[in-house]
Amino acid sequence: METIYTDLLSIGAGLAGERVAVEAAVAGFDTICLSIVPPRRSHSSAAQGGMQASLGNCAMGQGDNPDVHFQDTVKGSDWGCDQEVARMFAETAPIAVREMAFWGIPWNRVVPGKSTYYKGGKQFEKVEAKEKEGLITARDFGGTAKWRTCYTSDGTGHTLLYTMDNKAVEAGVRVHDRMEAISLIHDGETCMGAVARCMKTGKLRVYLAKATLIATGGYGRIYRETTNAVINDGSGAIIALDTGIVPIGNPEAIQFHPTGIVPTHILVTEGCRGDGGTLLDVDEKRFMHEYEPTKAELASRDVVSRWMTHHIRQGKGVPSPYGNHLWLDIRHLGADHIKTKLREVEEICNNFLGVDPITQLIPVRPAQHYTMAGVRTNKDGAAYGLKGLFSAGEAACWDMHGFNRLGGNSLAETIVAGRIVGIKLVEFLKGYEVKFNTQAIKDRVAIDKERIERLVGCKDGRENVYAVRNAMQDQLMDKVGIFRNGKDLQSAVDNLQVIYERSKKVGLHSNGIGASPELSLAIKIQGMLRLALCVAHGACVRTESRGCHAREDFPERNDGDWLKRTLATWKEGDVLPTLNYEPVTKVIELPPGDRGYGSTKIIS
Amino acid sequence: MAIDTTIYVRPQSGISAYLDWLQMLTGAGLILFMWSHMILVASVNFGVDAMNTIAKFFEDSYMAQVGGPMIGLTFLLHFALAARKVPFRTEQQSTMWKHGKMLHHKDTWLWVVQAVTAMIILIMGAIHMWTVLTDLPITAQKSAARIQGGFWLVFYLILLPMVELHVGIGFYRIAVKWGFIKRKTRQGFKGFENILTLIFIAIGLITIVRFILIQVIQV
Amino acid sequence: MTRRLTFNIFRYNPQDPESVPHTDNFVLEEAERMTLYIALTKIREEQDHSLTFDFCCRAGICGACAMVINGRPGLACKTLTKDLPDEITLMPLPVFKLVGDLSVDTGTWFSAMNEKVESWVHTNKKMDPTVQEERMNNALAEEIYELERCVECGCCVAACGTANMRQDFLGAVALNRIARFIMDPRDERTEKEYFEVVGTDEGIFGCMGLLACEDVCPKQLPLQDQLGILRRQMGWTAVKQLFHIAK
C-alpha cells in the first residue's frame, strides 16, 4: 500500500482547509490537502454574495464594529451558538479581510459621492465619504444591523478561493486532487491520518499525519433539492461519524433557501424579492401577503421558505417534470433594473433555464442551502473525542452559527476559522509527536479493501446505489425539510432505517474499475444514511423551534429545555445515533432574547 | 504546456521576442509591398505606357535591381520565421487537421489556409521572382507575352488568390496578435479585410484580362 | 412535442485493460429547461452507472464540466439541450489527460501552470494586521476582477491550435493570469521578471492569434484584448532589454 507521511493532512481544499494549510505551511510544516476536485473548483467559489467583516468603511456601515457583528451573529443563531466563538469570529473578521486584500483580493472599494440603492422595492440615496475613498467597501445582506458584507462584484467566493489557492501554491502546500478520504485511521484515542481513494485510478493510498483536518464543507447533497455543489455529500462528516467517537454537532441544524431555480436549484439572490420581486402560484397569483400581511415577500428567508412549501402542499404548486414549484416574478422591475442591478439573475435565467426574466416567470422552490451542523470541535478547532483531529469551515460545528447562519457569515467563517484554527493547529504541531500504530493502519486498510471488494463483487446484494440514495433524499426533503413535525419526523426515521438496511445490500452495476463514480458513491452510501438518521433523529427529539429548525407541533423556542447542543455519535452496529447534549455556550455575553425576526414565542 | 519534470534554469534571452518582431515586421513589409506591387502592375489598365513608364522609373533608379532581391530575401526570411510555427511533422499536422475539423472555428481554418498558401507561395513566388528579375527590364509587352503563352496564365490564376488570401489573412492576424484591433472592432475589421482581399483579387483578375488583350508585337 | 435526444458519447476507461475507445449512444426524452448536467446525470443513473464525467457546482462557477459539445469546448452545465440539435456528440477535452469517458485531469495541468507563472502576489512587504488596508481605486479593483473571473475550465487550452500541437505552450489562461498580476500594483514583480515567464515561445510569442480561446471562453474573458496588450508589453520589454533600459 502506498503510504504518504505529512505533518498536516487537510481533507478538503476549499477556503477553510487551504487557509489552515497555509498557516501550517508558512510555519514550516509539511502540508498536504486532499481534494475530490481540483482545489479551485471547491464549493467555496459558489458563495458569490460576500463575507461579513465590521470594517465600517461604507456610509451604510458607519459605526459598525465587532460588537454589533457579534450581536447580529448571536441573534441570527437564535442563541444556539457558542458565544465565545462568535466573539472571536467577529473580532478576527476584519483582520482576515485585510489579510486577504494583502494577498491579492480585488475587494470592491469605497467610491465617494452620491449613489442609489434599493430596499423593499424603493429607491434610496446614500453618500459615501471622501476620506474613506479606496478603502474596502461593503454591501447589504439580510439580517444585519449594518452594511457589512465585503465583496468583489458577483464573485467573492471565487476570488477568495483563487487567492487562497495562489497563497497555498506560494507557501508550498501540496494538493492531491481527485483524492477522496474514505476513512480515518485511529486507535480510539489518536487520529493518525486517513485512507483515501484516488478518483483517477481507483487505487487506495494511506496518508499518515500528525494532525488531520476535516474541511469538506456541508452535506447538502443528502437532500434531494439543494443549492450545494454535487460534491457536498458529507464525506468528511461521514468519516468522522464512522469513528464512533467523534460527534456531529446539531445535525438537525440545516438552513434552506427560498429561491432555488428548478430543476438545477442554483440559487437566485434574495435581492430579487428585496428589490420588489413577487412570488406567484399555479394561478399566477401572489400568495405571500395572505400568510404574512405586513412583510409579504420581504419576510425572512426561513419564513418565506416555510410558506412556499406550505403553499405547494396546498396544491398551489406549478406541476413540472421535476416536481411542483412556484414562480418568481421580476418582470415588473423592468429591463433597465434587471440588466443592471440584477444582472447575475438575468444570466442565471438565460444560461441555466433558457428563461428571459424580463418577459418570463422564473421557476423556483426552496432548497437545502447550508449545514450549520458539522464535526463538533472546541474553540481551537480540535474535534471532540480524537487527539490530532481538527475541523474547520462548514464541515465543522465550531459553533458560531447555532441554528441559523447569517448571509455573508459562511464565507467569513471559512477564512476566519481557517486563520484561528490554523494558528492553534501550528501550536499543536510544534509540541506534538505521534506514534503510528501499524496494526491500526493495517486493520483500517483491510476493512476498506474488503468494503470495496464486497461492493464490486455484489457480495451483499445488487441494490441500486442511486435508487437507495434517492429514497433517502426523498425522506429528508419531504419530512425533515423546512417544516417539521413529530409525526413526519418519526416516519422519516422509521423509513430511513429501512433504507439504511437496503444500503447495506448495495452492489455495483458496473465493473468499478478506475475512476468509477458509482463506486465512489457506493462507498459512502451507508455513511450518508447514518448521517441522514442523525439529522432526522436529532430533529425528531428536539421538541422546540429554533432558528431553521421549525417544528409545527412545537412552534416556541424553548430555552428552558433546549438551550443546548445536540451531539450525535454512531456506535458500530447501532441502528440509530446516540444523542447527547451539552450547553450551547460556556460564556454568555448576550443573554437569550428576541431575535427581532417577527413574532415568535419564547419559553424561558 | 508540458509539466516540468526537471529543474532547469531558463536561458535569459529575448530571442523569441526578437524573432516575433521580425516575423511581424517582415510580414507587414511584404503586405505593403504586395499592395504596392499590385497597384503598380495594375497601372497597365491605364495603358501600356503607364506601366512601362513606372517600370522604367524603378529600373532607372535601380530600385528593381536592388529592391527586387531585397524583397526576395525578406520573403525567404519571413518564410523561415513563420515556419517555426507551422507543423512539419505528420503527427502535428494531423493533430491540427483534426483540431480544425472538430472546432468549426473560422479563424482556426484561416490559419490553415495561411499555412497552405505559404507553401504554394514559397515555390510559385520564387519562380515568379526569378523569372521576372532575371529578365529585366519589366515591360507590359513582355508580361503580356508570358501570360498569353497559356502556362503563365494558369500560373498566375493560381498564385494571385494564394497571395491575396495570405496577405489579407496575415494583415488581419498581425492586427489581432499585436492588439491593434480589439474585441469590439474585430468583426468589423474582418469584414473590411475580406472586402480588401476581394478587391485586390478583382484588380488582379482585371489586370490579367488586360494582359491577355494587349496586342503583343511578335519579335 | 418532446424531442428524443440522441447522445453520442465518447467512452474509454484507461484503467481498464479491456476498454477500447469507442462511442456509445444513449437516447433520452428531452424535458423543459434541461441542461447537459440534468441529461448526463439522468443517463448515468438510469442507463449506465459507469458513465464518467465531471460536474461540481453545476452553476457555471467552478469550471469542472468543460467538454467538447458538438465540436466546441464549453461548460456542460451551462448548455441547455434546447439550444442543441436532436443529436448531441460529447467528447472529452483534448490536451488534458483522460481520466475516463468525458472526464479529464485538469487539476494536474492547472497546478503546474500556477506554479510556472507563479500565480500569486509577489511582495516584500509584511502584513500588519493592526493597520488599515492599503487603499485601491475601485475602478482598478473591478478591472483586476474582470481578469480574475477565469474559472480554469480549460476550454481556451482545448480550443487552442498551438496548445494542441505543442505540449509546452502555456495557453491563454496563463497569459491572462499574468496580465492580471501585471495590472495589480500589489505585485512587485518587474517587467523583466514577467518577461522571463511569458516572453517566450512557450508564452505570448507562441500565440498564433487564432482566437479560438476568445471565442469559446465560457466566461467571455477579454482574451483577445489581453493577449494583444501582453504581446505589445513583452515586445517593448524585449526592445528595451536590447538597449539595457528594461526595469
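The values are calculated or read from the model by the stated rules, or taken from the named source; none is laboratory data. Nothing here was measured: the structure is a model prediction, and the numbers come from that model. Counting neighbours? That spans all protein chains shown, and the Cβs are built from the backbone with ideal geometry, glycine included. Ligands, DNA and RNA are stripped out before the accessible areas are found, and what is left, the full protein with its side chains, is counted by its heavy atoms. Shrake-Rupley method; radii C 1.70, N 1.55, O 1.52, S 1.80 Å.
Values as computed for the structure displayed
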{"item": "Selection status of residue A:501, modelled with pLDDT of 95 or more and either in contact with a Gly (Cβ under 9 Å, 6 or more places away or on another chain) or of a type in the set (Ser, Thr, Tyr) (or both)", "result": "no"}
{"item": "Of all residues in the range B:39-75 being touching a helix residue (DSSP H, G or I) at 6+ places or on another chain (Cβ under 8 Å) and closer than 19 Å to residue B:122 by Cα, the one that is surrounded by the fewest Cβ atoms within 10 Å (Cβ to Cβ)", "result": "B:69"}
{"item": "All positions within the range C:137-160 that are surrounded by 24 or more Cβ atoms within 10 Å (Cβ to Cβ) and more than 8 Å from chain A (Cβ to nearest Cβ)", "result": "C:153, C:154, C:155, C:156, C:157, C:158, C:159, C:160"}
{"item": "Per-region count, the range C:114-129, residues among the basic types (Lys, Arg) and either more than 8 Å from every other protein chain (Cβ to nearest Cβ) or open to solvent by 50 Å² or more (accessible area, probe 1.4 Å) (or both)", "result": "2"}
{"item": "Tally of residues being in contact (Cβ under 8 Å) with a residue 12 or more places away in the chain, within 7 Å of chain B (Cβ to nearest Cβ) and closer than 19 Å to residue C:167 by Cβ across the range C:191-200", "result": "0"}
{"item": "Residue ID - least open to solvent (accessible area, probe 1.4 Å), chosen from residues in the range A:480-498 that are among the charged types (D, E, K, R) and modelled with pLDDT of 95 or more", "result": "A:488"}
{"item": "Extreme residue, surrounded by the fewest Cβ atoms within 10 Å (Cβ to Cβ), among residues of the range B:131-167 that are β-branched (Val, Ile, Thr) and over 15 Å from the mean Cα position of the chain (by Cα)", "result": "B:134"}
{"item": "Residue identified as open to solvent by 40 Å² or more (accessible area, probe 1.4 Å) and in contact with a Phe, Trp or Tyr (Cβ under 8 Å, 6 or more places away or on another chain) among A:567, A:563", "result": "A:563"}
{"item": "All positions within the range A:520-560 that are open to solvent by less than 10 Å² (accessible area, probe 1.4 Å) and among the β-branched types (Val, Ile, Thr)", "result": "A:525, A:535"}
{"item": "Extreme residue, farthest from residue B:111 (Cα to Cα), among residues of the range C:215-247 that are in contact with a Cys (Cβ under 8 Å, 6 or more places away or on another chain) and more than 7 Å from chain B (Cβ to nearest Cβ)", "result": "C:219"}
{"item": "Matching entry among B:36, B:94 (being open to solvent by 40 Å² or more (accessible area, probe 1.4 Å) and within 14 Å of chain C (Cβ to nearest Cβ))", "result": "B:94"}
{"item": "Any pair with Cβ under 6 angstrom, 6 or more apart, that starts in the range B:183-207 at a residue that is more than 21 Å from residue C:212 (Cβ to Cβ) and ends at one that is of a type in the set (Asp, Glu) and in a helix (DSSP H, G or I)", "result": "B:197/B:164; B:200/B:164; B:201/B:164"}
{"item": "Verdict on residue B:170 being modelled with pLDDT of 90 or more, open to solvent by less than 60 Å² (accessible area, probe 1.4 Å) and not in a helix (DSSP H, G or I)", "result": "no"}
{"item": "Strands (runs of 3 or more DSSP E) enclosed by the range A:124-213 - at least 3 residues per element that are out of contact with any His (no Cβ under 7 Å at 6 or more places or on another chain), within 11 Å of chain C (Cβ to nearest Cβ) and open to solvent by 30 Å² or more (accessible area, probe 1.4 Å)", "result": "A:174-177"}
{"item": "Residue in the range A:77-94 that is open to solvent by 10 Å² or more (accessible area, probe 1.4 Å), within 30 Å of residue C:187 (Cα to Cα) and small (Gly, Ala, Ser) present", "result": "no"}
{"item": "Single residue of the range A:95-123 satisfying the filter (part of a strand (DSSP E or B) and out of contact with any strand residue (DSSP E or B) (no Cβ under 7 Å at 6 or more places or on another chain)) that is least open to solvent (accessible area, probe 1.4 Å)", "result": "A:118"}
{"item": "Listing of strands (runs of 3 or more DSSP E) fully contained in the range C:1-109 that carry 1 or more residues being within 11 Å of another protein chain (Cβ to nearest Cβ) and open to solvent by less than 40 Å² (accessible area, probe 1.4 Å)", "result": "C:66-69, C:72-75, C:97-100, C:103-105"}
{"item": "Options A:230, A:246; residue that is out of contact with any strand residue (DSSP E or B) (no Cβ under 6 Å at 6 or more places or on another chain), assigned to a loop (DSSP other than H, G, I, E, B) and among the aliphatic types (A, V, I, L, M)", "result": "A:230"}
{"item": "Residue within the range A:240-259 that is of a type in the set (Phe, Trp, Tyr), touching a residue at least 24 places away in the same chain (Cβ under 8 Å) and in contact with a Cys (Cβ under 9 Å, 6 or more places away or on another chain) present", "result": "yes"}
{"item": "Residue list for the range A:425-444, filter: assigned to a helix (DSSP H, G or I), open to solvent by less than 70 Å² (accessible area, probe 1.4 Å) and under 18 Å from residue A:6 (Cα atoms)", "result": "A:425, A:426, A:428, A:429, A:440, A:441"}
{"item": "Leading residue by the ranking (nearest to residue A:202 (Cα to Cα)) among those in the range C:2-49 that are touching a residue at least 60 places away in the same chain (Cβ under 8 Å) and over 27 Å from the mean Cα position of the chain (by Cα)", "result": "C:6"}
{"item": "Unique residue being farther than 20 Å from residue A:369 by Cβ and among the hydroxyl-bearing types (Ser, Thr, Tyr) when the list is A:259, A:264, A:243", "result": "A:243"}
